[in-house]
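No lab work stands behind these numbers, since they all come straight from the coordinates. Everything numeric here is computed off the predicted structure, so don't read it as measured data. Counting neighbours? That spans all protein chains shown, and the Cβs are built from the backbone with ideal geometry, glycine included.
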């Protein structure tokens, strides 16, 4: 309900624009609180808070969104940027653009995050192949790809935990 569009909310009997706006305000506040828990802090040591933030941001999106979390040398989050928006089952990602943006921000590490609107966080073959390309491109310029998270309504997948990324 919190992620529904205002127009969809106002179609529910008894829900007026003020109520819909209040619900959207609650959703925005929850997102800001979750972001405050991870921004500027070492995210690798507060993994549960990072996962909460990613779930709040992406789990109920109707289309794929691909985010890049840029980390400094101490693995503190310096930026969370949407790299792409796609369809219900695909978002194009270009390794060159990922690495270019990391270099622009002087990031030492990256965590890639995207959602699966289907709810199933299982990595696709395309997800695995693209992750390897980004990993190799980042590694060539000294940037660490810490993980690639896929967020679904029922949970998440971590490429690192699944053994789909080389160990550091």
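Annotation for residue 7 and residue 133: the two label points, set 7 Å from Cα along the Cα-Cβ direction, are 3.4 nm apart. Packing-based ranking of 94-100, 57-63 yields 57-63, 94-100, ordered from highest to lowest mean Cβ neighbour count within 10 Å. What is the spin-label model distance, in nm, from residue 101 to residue 16 if the labels are put 7 Å beyond Cα along the C-beta direction? Result for the modelled spin labels: 4.1 nm.
Quick check: from the Cα gyration tensor, does segment 34-164 come out rounded (a/c under 1.5), prolate or oblate? Oblate shape, in that a/c is at least 1.5 and b/c is the bigger or equal ratio.
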